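What follows is a single structure, written as structure tokens, with notes after it.
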Amino acid sequence: MKKRYSLTYLIGESFKSLWRNGVMSLASVTVLMSCLIVIGGFVLIIFNINANVKNLGLMNEMVAFVDYKLTDEEIESIKTQINELDDVVEVIHVTKDEALEGLKENAGEFGDAYAELEGDENPLPDTFHVKYDDPSQASTIKYQLDHIEGIYKVNNRMQVAKTIDSIKNSISLVGIWFLGILLLVSIFVIVNTIKLAVFARRSEIEIMRYIGASGWFITLPFIFEGIIIGLLSSGVAYLIVWLIYRYIETNGMSGIDMITILPFSEINTVVLAGFVIIGVLTGIIGSCASLRKYLKA
Amino acid sequence: MIDFKNVKKVYSNGVVALGGVDFHVDDGEFVFIVGHSGAGKSTLMKLLLREEIVTSGQVFVNNHDLTKMRNYKVPRYRRELGVVFQDFRLLPNKTVYENVAFAMRAVGTPAKKIRKRVPAILSTVNLYDKFDCFPSELSGGEKQRVALARALANNPKIIIADEPTGNIDPHMSMEIMNLLMKINRLDKTVIVVTHDQKLVDYFQKRVITLSDGKVVDDHVGGMFE
């Protein structure tokens, strides 16, 4: 016999119960929401570090500085030599004039201060930006670059990239711990909310059991209650994260040119999906944990 | 059909509630189960409802072996029973109609069928005119009739009434008992647990007497000491 339980009835029961347990429901939503906001914060920080590492070209790139007073032919020959190295993908030649232009641009309205350095007064060297594809070969490439005649210095940004990477890892580690602890707290609060809801309806549940209602009919409203708590929390958390992020995007970091902030539109789907999945799962786990004995028979 | 075969029930605290009970109830029978408090009546009820499992022996109800029944099959089994309690156990925030409809909804009856059947059952227990009342607006007898209607809602084969007249004045008790008789004539097995001697004597039905966890008497006719 196919059973057709009225879904609207079951979900209606969940909303009624949430409303009746107002304070506990609010507590559940608040705690789960805080948890999600913290998770979201950590994830967004890590996303942005990744984006910045990429933007700054810290990965897989070295800069070779060329001796002053080299002739154009000598510089050209250095470029050919670098190009012939294994693993090198691209060599970009930045002349000293271009480098000065770059400085002027970065200085904005004070750019004119560099004007007197133009031409023969330019103290900047020509540079080669060397891109390579295999990070593990970085030290070999650096060694080879160091031994090309006419190159006086090689800046290996691997070290910076590595430092940033380890910072990122520690942030992730802290984030995971926060996540774990806060999720446990959330589940604990949800378990208590649902237990209160079960207690408020214990006579109803008893009658349902004697009548022969299936375990699912009895427990589904409570599981829906957990899901609703999860959905509400993720919705509000998303809104708050969005507002904070937008504030930082427009006001917070605009003064620092070095750092680019990912536009929220690029990451909102990931954040929202993550929030909803974690929120709903936590809600379901919380409900089921408090309903084990009713799911049996 | 109900069959108890040498049923023993010992609770985990060592209390022997039933010490070897044997009896058989045929389909369509009307049986009183009587005995002083502590005689084992409640345990017998719990075994019938498969709330508890026997320590040894066997319980068969409608060809189900309750001793071997898996937990997930219990809800479906309970739909073959209609239960009435001394304290009615109605949902206070639902009307008479909703209380009965609730029992049908809980087992997945389609809404259309519920709308059709609830008025019919309420008529059977002579409560049709009170369908819109809340339990608090009803007398004890009326509440018990709602409980009876609810027990009948899913058309069970067996009705089990645990002290159905315990909280009701004598006049109303007769009415409830007459209703149970009427239900019995509808070809349902009726088990009434009670210690109301007058009722038992009046109706002259089969009486099973329990004492200290054993069946001490089982005969048709009134009289119990």
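The values are calculated or read from the model by the stated rules, or taken from the named source; none is laboratory data. In this text, all values refer to a predicted model and were calculated from it rather than measured experimentally. Here the Cβ is made from the backbone with ideal geometry for all residues, glycine too, and neighbour counts use every protein chain on show. With ligands, DNA and RNA removed, areas are computed over all heavy atoms of the protein, side chains included. Shrake-Rupley method; radii C 1.70, N 1.55, O 1.52, S 1.80 Å.
Within the range A:149-157, does at least one residue satisfy the condition of being surrounded by 15 or more Cβ atoms within 10 Å (Cβ to Cβ), more than 30 Å from A:Asn50 (Cα to Cα) and either among the β-branched types (Val, Ile, Thr) or out of contact with any Leu (no Cβ under 9 Å at 6 or more places or on another chain) (or both)? For the range A:149-157, residues surrounded by 15 or more Cβ atoms within 10 Å (Cβ to Cβ), more than 30 Å from A:Asn50 (Cα to Cα) and either among the β-branched types (Val, Ile, Thr) or out of contact with any Leu (no Cβ under 9 Å at 6 or more places or on another chain) (or both): present.
Among the candidates A:Ala64, A:Ala115, the residue that is more than 21 Å from A:Asn155 (Cβ to Cβ) and among the hydrophobic types (A, V, I, L, M, F, W, C) is uniquely A:Ala115.
The residue that is nearest to B:Phe88 (Cα to Cα), among those in the range B:153-167 that are of a type in the set (A, V, I, L, M) and surrounded by 24 or more Cβ atoms within 10 Å (Cβ to Cβ), is B:Ala161.
Screening B:Ser123 with (1) at positive phi; (2) more than 11 Å from chain A (Cβ to nearest Cβ) gives one miss only, at (1).
Of all residue pairs spaced 6 or more apart or on separate chains, those with beta-carbon atoms under 7 Å, a first member in the range A:123-142 that is under 16 Å from A:Glu76 (Cβ atoms) and a second member that is surrounded by fewer than 20 Cβ atoms within 10 Å (Cβ to Cβ) and of a type in the set (Lys, Arg) are A:Pro125/A:Lys96; A:Asp126/A:Lys96; A:Phe128/A:Lys79. Output the qualifying pairs, or none if there are none: Cβ atoms under 6 angstrom, residues six or more apart or on different chains, first residue in the range B:76-99 and more than 8 Å from every other protein chain (Cβ to nearest Cβ) and under 19 Å from B:Ser139 (Cβ atoms), second residue among the polar types (S, T, N, Q) and open to solvent by 30 Å² or more (accessible area, probe 1.4 Å). From residues that are more than 8 Å from every other protein chain (Cβ to nearest Cβ) and under 19 Å from B:Ser139 (Cβ atoms), the pairs are B:Gln86/B:Asn167. The combined condition, being part of a helix (DSSP H, G or I), open to solvent by 30 Å² or more (accessible area, probe 1.4 Å), among the small types (Gly, Ala, Ser) and more than 10 Å from chain A (Cβ to nearest Cβ), is fulfilled by B:Ser42. The set of residues in the range A:166-207 that are open to solvent by less than 90 Å² (accessible area, probe 1.4 Å), free of Cβ contacts under 8 Å to residues at least 60 places away in the same chain and within 14 Å of chain B (Cβ to nearest Cβ) comprises A:Ser203, A:Glu204, A:Glu206, A:Ile207. Suppose we filter A:Phe188, A:Phe217, A:Phe264 for residues that are in the same structural domain as A:Ser14 (by TED's automatic domain parsing) and within 16 Å of the chain's Cα centre (by Cα); which single one remains? The match here is A:Phe264. Filter the range A:208-227 for residues that are farther than 16 Å from B:Lys73 by Cβ and open to solvent by 10 Å² or more (accessible area, probe 1.4 Å); which is nearest to the other protein chains (Cβ to nearest Cβ)? Looking at the filtered set, the residue picked out is A:Leu220. Filter the range B:200-223 for residues that are open to solvent by less than 10 Å² (accessible area, probe 1.4 Å) and over 18 Å from B:Asp26 (Cα atoms) and give the result. Once the filter is applied, which keeps residues that are open to solvent by less than 10 Å² (accessible area, probe 1.4 Å) and over 18 Å from B:Asp26 (Cα atoms), the range B:200-223 yields B:Val200, B:Leu210, B:Gly213, B:Gly222. Against the test of being among the hydroxyl-bearing types (Ser, Thr, Tyr) and over 18 Å from B:Met1 (Cα atoms), the options B:Thr67, B:Thr43 yield a single qualifying residue, B:Thr43. Looking only at the range A:63-75, residues that are surrounded by 12 or more Cβ atoms within 10 Å (Cβ to Cβ) and either assigned to a helix (DSSP H, G or I) or modelled with pLDDT of 80 or more (or both) come to 7 in all. The strands (runs of 3 or more DSSP E) found wholly in the range B:56-164 and carrying at least 3 residues that are of a type outside the set (A, V, I, L, M, F, W, C), under 30 Å from B:Gly213 (Cβ atoms) and touching a strand residue (DSSP E or B) at 6+ places or on another chain (Cβ under 6 Å) occupy B:56-61.
When each of B:Glu98, B:Glu80 is tested for being within 12 Å of the chain's Cα centre (by Cα) and farther than 18 Å from B:Lys8 by Cα, the lone residue that passes is B:Glu80.
Any chance you could count how many residues in the range A:94-140 are within 23 Å of A:Asn60 (Cβ to Cβ), part of a helix (DSSP H, G or I) and in contact with a helix residue (DSSP H, G or I) (Cβ under 9 Å, 6 or more places away or on another chain)? Qualifying residue count, the range A:94-140: 3.
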